[in-house]
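Taking it in order: structure first as structure tokens, then the write-up.
The values are calculated or read from the model by the stated rules, or taken from the named source; none is laboratory data. For clarity, every value in this text was computed on a predicted model and none was experimentally measured. Cβ placement follows ideal geometry from the backbone for every residue including glycine, while neighbour counts extend to all protein chains displayed.
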Protein chains: 2
Amino acid sequence: MLTTRLTERLGIAHPVISAPMANASGGALASAVTRAGGLGMIGGGYGKSDWLAEQFALAGNQPVGCGFITWALEKNQIALDETLERSPTAIFLSFGDPAPYAEKIKASGALLICQVQTVKDAKRAIEVGSDIVVAQGSEAGGHSGKRASFALVPEVADTINASGSDALLVAAGGIGDGRGLAASLMLGADGVLVGTRFWARDEALVHENMLAEAVAASGDDTLQTSVMDVARELDWPERYSAHTLRNKFTDQWHGNLDELKKAGKAEADKWAAAWIAGDTDIANTMVGEATGLISSVMPAAEILDSIVSEASDIISNSFKQNVKQG
Amino acid sequence: MLTTRLTERLGIAHPVISAPMANASGGALASAVTRAGGLGMIGGGYGKSDWLAEQFALAGNQPVGCGFITWALEKNQIALDETLERSPTAIFLSFGDPAPYAEKIKASGALLICQVQTVKDAKRAIEVGSDIVVAQGSEAGGHSGKRASFALVPEVADTINASGSDALLVAAGGIGDGRGLAASLMLGADGVLVGTRFWARDEALVHENMLAEAVAASGDDTLQTSVMDVARELDWPERYSAHTLRNKFTDQWHGNLDELKKAGKAEADKWAAAWIAGDTDIANTMVGEATGLISSVMPAAEILDSIVSEASDIISNSFKQNVKQG
């Protein structure tokens, strides 16, 4: 068992939050993570009202949070409003300025979690009153920025400390097991956000072909690319791109985005159909570099237990074996 | 104090190796790190015989190692041969296949250290009999690959374990203080390689303007780019690029490499002159994302002491505060 400021302040057993992965993190996963002692999050993504209603219903009575892609909320504030009416534990905003939504979220009683990709973002997150700042490294699955976790997490820790804010810090990106949790605590985090490891789990809204690929892959097999966003004609700001497994589709179009733009809707439709069909030559298995640490698909509760007990053992063993007293 | 397999097998006090930074890591820094209880490395880089002779002379009687850019050795094996005659503690190879040089290095009695940027590289390093594998994340200063430390280090740890090799594992990239050392041990490393933090130190072969920039900068101010390599007409394989502080030169040419190639030698000469003059608008301050963790220029011995004592305290405190017994 691990006790941190995160477990104490949120009243949860384990310092682990499941990432609100768009499409993949539904009510089943979120509620399973909460039930197992973490904080589960529904991946609200671009904010589809029907899907959100369905997933919150699936989460039932378990307290869960919900994440949104911040820049996409501008055209779709209704999704946030509807979600706040469901009394989520937390609203998680990433990829854009949280300022327009911060006050409303905090007034609702939900925790405000802002995920940041730079120190500059972290300063903004503190400014708008984030309860939790998630420092996300570029090794994360799906969208992220350019900075990696190892130096970003401690620099954000220093930034929070210097600000006088009592915001908690959570590390994200590349955390696939107890080693990543233990390392994150050393870097100054109060807990971790886990995406890829929970992506490969029984409660998946993910095709079994993709789960099989995630288990087989090394982190070497991933790349960061805008191919999927261009194919799907999504207006992602240039500073963000997505980590995914390489496949024939990215081999064809990565480094050839102008041609992909011209190919237009046909390619987007092809990708969307392939996602549903589990055709992994076209649709991309959206995992980060931690995919290389995953060797099985397990229930979320078992994943959570193994992450926490491994981290606890590692810290204990390191104290006993590495630290020479006196 | 921290004891690990690295300190035990090498008979050194601290599990810290200074990175063999080309141009910047001379005999003064390497010997200072060894004297302070780590393992100091001279940055042999592309293999300039005169410079190496001078730097080994400056290191005096202190046992130090020497690093080379592997792909550059092909045209310049004499630099390796001359270095081996000086009985270095270790030869450190990075950025290319170590196979052609491994046998010769091991036969000389020097430790073979191979720095890797992927799991595939790590397998090769094990195959050629590396005594130490350095897993280098893309947040490192200077050249590196595309994978970041947080998931690369544990995946390489698993790869070494699965191979049955008794090679040691050292983490590199983004480690600027004791937090990074403690985190690296949690991820399965036996020690760390520190570059950027030792770059900003009294024993610098670095212009004071660049030291001042490194102290002032955030990791946000860095980028990974091939601009300097193209300007200097160096034949770096495409999979490697260099982390550095952004400046007017990278703003002008990053994303415009074809034009830079046409500009040719004039730009390369301008860059080289600016490096000597400390003109940081043109020559780049070659630090990684850990630059955001550095707030002073100190002697190498003090840096080493502070990294180790901070790591030791963090592990002890985490054991006492986070791990709930039973």
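Examine segment B:135-143 for a residue that is charged (D, E, K, R), at the interface with chain A (Cβ under 8 Å from one of its Cβ atoms), surrounded by 24 or more Cβ atoms within 10 Å (Cβ to Cβ) and farther than 19 Å from B:Leu29 by Cβ, and state whether such a residue exists. Within segment B:135-143 (the criterion being charged (D, E, K, R), at the interface with chain A (Cβ under 8 Å from one of its Cβ atoms), surrounded by 24 or more Cβ atoms within 10 Å (Cβ to Cβ) and farther than 19 Å from B:Leu29 by Cβ), the answer is yes, since at least one residue qualifies. Taking the criterion of being more than 8 Å from chain A (Cβ to nearest Cβ) and either aliphatic (A, V, I, L, M) or assigned to a helix (DSSP H, G or I) (or both), the residues of segment B:163-185 that qualify are B:Ser163, B:Ala167, B:Leu168, B:Leu169, B:Val170, B:Ala171, B:Ala172, B:Gly178, B:Leu181. Among the residues of segment B:238-257, those identified as assigned to a helix (DSSP H, G or I) and either crowded, with 17+ Cβ neighbours inside 10 Å or in contact with a helix residue (DSSP H, G or I) (Cβ under 9 Å, 6 or more places away or on another chain) (or both) are B:Phe249, B:Thr250, B:Gln252, B:Trp253, B:Leu257.
Evaluate the following for A:Ser31: is it more than 20 Å from A:His243 (Cβ to Cβ), touching a residue at least 24 places away in the same chain (Cβ under 8 Å), surrounded by 19 or more Cβ atoms within 10 Å (Cβ to Cβ) and not basic (Lys, Arg)? Spelling it out, A:Ser31 is indeed more than 20 Å from A:His243 (Cβ to Cβ), touching a residue at least 24 places away in the same chain (Cβ under 8 Å), surrounded by 19 or more Cβ atoms within 10 Å (Cβ to Cβ) and not basic (Lys, Arg). Residues that are within 21 Å of B:Ala102 (Cα to Cα) and among the hydrophobic types (A, V, I, L, M, F, W, C) number at least 1 in the following helices (runs of 4 or more DSSP H) confined to segment B:1-84: B:5-10, B:49-59, B:70-73, B:77-84. When residues in segment B:278-304 are screened for being crowded, with 16+ Cβ neighbours inside 10 Å and more than 22 Å from B:Asp221 (Cβ to Cβ), 3 of them pass. For B:Leu58, the criteria (1) within 16 Å of the chain's Cα centre (by Cα); (2) farther than 19 Å from B:Ile132 by Cα hold in every case but one, which is (1).
Does B:Gly164 meet the test of being in the same structural domain as B:Asp121 (by TED's automatic domain parsing) and surrounded by fewer than 17 Cβ atoms within 10 Å (Cβ to Cβ)?
On the way: in the same structural domain as B:Asp121 (by TED's automatic domain parsing): yes; surrounded by fewer than 17 Cβ atoms within 10 Å (Cβ to Cβ): yes.
The answer is yes for B:Gly164.
Quick one: is B:Gly191 within 23 Å of B:Ile314 (Cα to Cα), within 14 Å of chain A (Cβ to nearest Cβ), surrounded by fewer than 24 Cβ atoms within 10 Å (Cβ to Cβ) and in contact with a helix residue (DSSP H, G or I) (Cβ under 7 Å, 6 or more places away or on another chain)? Considered against the rule, which asks whether it is within 23 Å of B:Ile314 (Cα to Cα), within 14 Å of chain A (Cβ to nearest Cβ), surrounded by fewer than 24 Cβ atoms within 10 Å (Cβ to Cβ) and in contact with a helix residue (DSSP H, G or I) (Cβ under 7 Å, 6 or more places away or on another chain), B:Gly191 comes out as no.
Here A:Ala102 does not qualify as modelled with pLDDT of 95 or more, in contact with an Asp or Glu (Cβ under 8 Å, 6 or more places away or on another chain), closer than 25 Å to A:Val64 by Cβ and away from chain B (no Cβ under 14 Å). Taken residue by residue, segment A:107-120 has at least one member that is facing chain B (nearest Cβ under 10 Å), hydroxyl-bearing (Ser, Thr, Tyr) and within 24 Å of A:Ser241 (Cα to Cα).
To keep it simple, each residue is scored yes or no on (1) touching a Cys at 6+ places or on another chain (Cβ under 7 Å); (2) among the hydrophobic types (A, V, I, L, M, F, W, C); (3) closer than 28 Å to A:Ala90 by Cα; (4) outside the structural domain of A:Val116 (by TED's automatic domain parsing).
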position	(1), (2), (3), (4)
A:Ala217	no, yes, no, yes
A:Tyr240	no, no, yes, yes
A:Phe249	no, yes, no, yes
A:Asn256	no, no, no, yes
A:Leu260	no, yes, no, yes
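The number of residues in segment B:75-115 that are among the small types (Gly, Ala, Ser), touching a Leu at 6+ places or on another chain (Cβ under 7 Å) and under 24 Å from B:Pro237 (Cα atoms) comes to 2.
In segment A:215-237, what residues are of a type in the set (A, V, I, L, M), within 13 Å of chain B (Cβ to nearest Cβ) and surrounded by 21 or more Cβ atoms within 10 Å (Cβ to Cβ)? Residues satisfying the conditions do not exist here. Among the numbered conditions (1) buried (at least 16 other Cβ atoms within 10 Å of the Cβ); (2) at pLDDT below 95, the only one that B:Asp269 does not meet is (1). Annotation for segment B:269-292: at least one member residue is part of a loop (DSSP other than H, G, I, E, B), closer than 30 Å to A:Met186 by Cβ, of a type in the set (A, V, I, L, M, F, W, C) and more than 11 Å from chain A (Cβ to nearest Cβ).
For segment B:84-101, the tally of residues that are within 22 Å of B:Leu6 (Cβ to Cβ) and buried (at least 20 other Cβ atoms within 10 Å of the Cβ) stands at 8.
Can you spot a residue in segment B:207-220 that is charged (D, E, K, R) and in a strand (DSSP E or B)? No - not one qualifying residue is present in segment B:207-220.
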